[in-house]
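**Q** Take a look at this one; I'll ask things after.
Here, each number is a calculation from the coordinates, and none is a lab measurement. Being a predicted model, the structure only gives us computed values, none of them experimental. A quick note on method: Cβ atoms are made from the backbone with ideal geometry, for glycine too, and the neighbour counts reach across all protein chains shown.
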Amino acid sequence: MTADTITAADIRINARWLVPVEPANTVLHNQAVIIQGDRIAAVVSREEADARFRVRETIDLDHHVVLPGLINMHGHAAMSLFRGMADDLPLMTWLNDHIWPAEGAFINEAFIADGTQLAMAEMLRTGTTTFADMYFFPEIVTQMAHDAGMRAQVCFPLLDFPTPWGSGPDEYLDKGAAFIRDWQGDDYIMPAIGPHAPYTVSDDPMMRAVALSADTGAPIQIHLHETEFEVAESLEKSGRRPTARLAELGVLGTRTQCVHMTQIDESDIALLQQSGAHVIHCPESNLKLASGLCPVQKLEEAGINVAIGTDGAASNNDLDLFGELRTAAMVAKVVAGDAAALPAHQAIAMATIQGARALGREHDLGSLEAGKLADIIAVDLSDPFLQPVYDPASHLVYSNHGRQVSHSWINGIPQVQEGRLTRIDVPDLMLRVQSWSDRIRKQ
Ligand SMILES: [Zn+2]
């Protein structure tokens, strides 16, 4: 090699193991990931990296598996401040008697800012590089994510009734349209539309949300078929199942993300299939609220894209997506009656490339390939509880805990180094969290 064939780059990550996600079902050994600016320049053998690149910084990860950053496709970040406040209750009691009154009493811009930062600290620390959020004051969530350099799809809320963010559908949609205009095209932020659920949004605002999505290209995310009660109530009120009603209103499409989808039958699956809508599976929230379970294997066999989310920390109660993957893989086997359902690599795909697909960003997120954005994490497998290593993909799903994440980069910028957050001041954040919990406890 002569000097003129050598390319200058920024960072070289030497990985003992690499799970690139694309190609699927692949574990590579002793690879180098080269980062140039905010993109992956190459994924090559170490010998080829020596020959082709001269870099500013080299990071040796000799006991680590390197993979794309995880994509948490559903949550309510600021609800982390309600973690552990009300447990062991069914969804409607939990919402009516605990969550909605607490939200009425405490939600304001400062609560959203501090709660979102708490959630981001946990997500970054456990391997998530992109999260999808649906909550009040989306402009605050957006600012926090943008300032921290974390990638986020942020939905503005849409409901029939007033909340601290607006008086009703007219105001939500006006503010929401402005929010989309303000943030579309940002490096980190994907603004989106968040009609809360079929039972809280009536036909007219639902159709206006569809029109706004068509005008702007913004995705729609909605809680759908979360409980048996939701389906029964819809049948009683409109004579249709929630999915059928939304299909008639034009809500289902390739830009639509349906969160939960428990309690579904063949007619619901057919509508998802025809529309190209995505499903966001939140198994731990569904288990904890006894909502039911999403038949993931069946959906994947029907060609429906399934991504994964933790839901809010008040119904999980953590935002560790590795823990969620483990639960998803275990539960899928019981639901399908088949131990081969949702194998490890497929579970990892659900939290990476399939999340990217749900966002419409599979061209630049969700796998380690040259040209994609440098959203990368490393998991340290040297601990006794992760030894020995026969198959790192197995460990990522069945043995790992998110706290083993040692490094993370978003847009090529370090977010976690040696297990420490680089851009969030944790001691200062903990003081603010303490102050909120003191006030909430008194209520
Ligand atoms: Zn939710």
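**Q** Between Ile13, Ile308, Ile35, where does the largest GNM mean-square fluctuation fall for the chain, given springs only between Cα atoms within less than 10 Å?
**A** Looking only at Ile13, Ile308, Ile35, the biggest GNM fluctuation is shown by Ile13.
**Q** With N residues in the stretch 139-184, what two-decimal value do you get for its Cα radius of gyration over 2.2 N^0.38 Å?
**A** 1.22
**Q** Related question: Apply the Karplus curve 6.51 cos²θ - 1.76 cosθ + 1.60, θ = phi - 60°, to the phi angles in the stretch 77-88 and return the couplings in whole Hz, x for Gly and Pro.
**A** With the stated coefficients, the stretch 77-88 comes to 3, 5, 5, 3, 5, 9, 4, x, 7, 8, 10, 6 Hz.
**Q** Setting aside same-chain residues fewer than 8 positions from Lys372, which aspartates and glutamates have a Cα under 13 Å from its Cα?
**A** Once the sequence-local aspartates and glutamates are set aside, what remains near Lys372 is Glu22, Asp38, Glu362, Asp364.
**Q** So what are the radius of gyration and Dmax for the Cα set of the stretch 164-214, in Å?
**A** When restricted to the Cα atoms of the stretch 164-214, Rg and Dmax are 11.5, 34 Å.
**Q** Using only the alpha-carbon atoms of the chain, report the extent along each of the three principal axes, biggest first, to the nearest angstrom.
**A** For the chain, the Cα spread along each principal axis is 72, 47, 44 Å.
**Q** While we're here: Using each residue's phi in the stretch 243-251, evaluate 6.51 cos²θ - 1.76 cosθ + 1.60 at θ = phi - 60° and report the 3J(HN,Hα) Karplus result to the nearest Hz, with x for Gly and Pro.
**A** Taking θ as phi minus 60°, the curve returns 4, 5, 4, 5, 4, 5, 7, x, 6 Hz for the stretch 243-251.
**Q** A further question follows. Counting each DSSP H run of 4 or more residues in the chain as -39500 (n - 2.57), what helix-only mean residue ellipticity at 222 nm follows after dividing by all residues, to the nearest 500 deg cm²/dmol?
**A** Using -39500 (n - 2.57) per qualifying helix, the result is -10500 deg cm²/dmol.
**Q** When the chain is treated as a GNM, springs tying every alpha-carbon pair under 10 Å, which of Val210, Val279, Val259 comes out with the largest mean-square fluctuation?
**A** Among Val210, Val279, Val259, the largest mean-square fluctuation in the Gaussian network model of the chain belongs to Val210.
**Q** Assign unit charges at the C-beta atoms only (+1 for Lys and Arg, -1 for Asp and Glu), then state the dipole size of the chain relative to its Cα centre in Debye, rounded to the nearest 20.
**A** Approximately 440 debye in magnitude.
**Q** Evaluate the relative contact order of the chain (contact order divided by residue number), counting alpha-carbon pairs under 8 angstrom at least 6 apart; express in whole percent.
**A** 20 percent.
**Q** For the stretch 53-61, just list the computed ³J(HN,Hα) in residue order, Karplus coefficients 6.51, -1.76 and 1.60, θ = phi - 60°, integers in Hz, with x standing in for Gly and Pro.
**A** Values per residue, Gly and Pro as x: 10, 10, 10, 6, 8, 10, 10, 8, 10 Hz.
**Q** Less than 13 Å Cβ to Cβ from Thr58, Lys/Arg counted +1 and Asp/Glu -1: what total charge do the surrounding residues give?
**A** Taking every Cβ under 13 Å from that of Thr58, the sum is -1.
**Q** Hey, another quick one. Enumerate the amide H contacts of Asn411 below 5 Å, restricted to partners 5 or more residues apart or on another chain; note that Pro and chain-start residues carry no placed amide H.
**A** For Asn411, the qualifying residues are Ala374, Asp375.
**Q** Next up: Considering only DSSP beta bridges where both residues belong to the chain, give the percentage that are antiparallel (nearest 5).
**A** Rounded to the nearest five, the antiparallel share is 45 percent.
**Q** Please rank Glu230, Glu48, fewest neighbouring Cβ atoms within 10 Å first, as an exposure proxy.
**A** Glu48, Glu230
**Q** Sort Thr243, Thr256 so that the residue with the fewest other Cβ atoms within 10 Å of its own Cβ comes first and the one with the most comes last.
**A** Ordered from fewest to most neighbouring Cβ atoms within 10 Å, Thr243, Thr256 come out as Thr256, Thr243.
**Q** Would you list, by chain and number, the lysines whose Cα falls below 29 Å from the Cα of Lys333, excluding same-chain residues fewer than 8 positions away?
**A** List returned: Lys288, Lys298.
**Q** Quick check on the stretch 323-362: what are the equivalent-ellipsoid semi-axes from the Cα gyration tensor, as sqrt(5λ), descending, whole Å?
**A** 21, 9, 8
**Q** Order these by the 10 Å Cβ neighbour count, fewest first: Lys442, Lys237, Lys372, Lys298.
**A** Going from sparsest to densest Cβ surroundings: Lys442, Lys237, Lys298, Lys372.
**Q** How many percent of all Cα-Cα pairs in the stretch 1-108 sit more than 20 Å apart?
**A** Beyond 20 Å sits 58 percent of the P(r) for the stretch 1-108.
**Q** In addition: What is the local net charge at Ala197, summed over the other residues whose Cβ is closer than 9 Å to its Cβ (Lys, Arg +1; Asp, Glu -1)?
**A** -2
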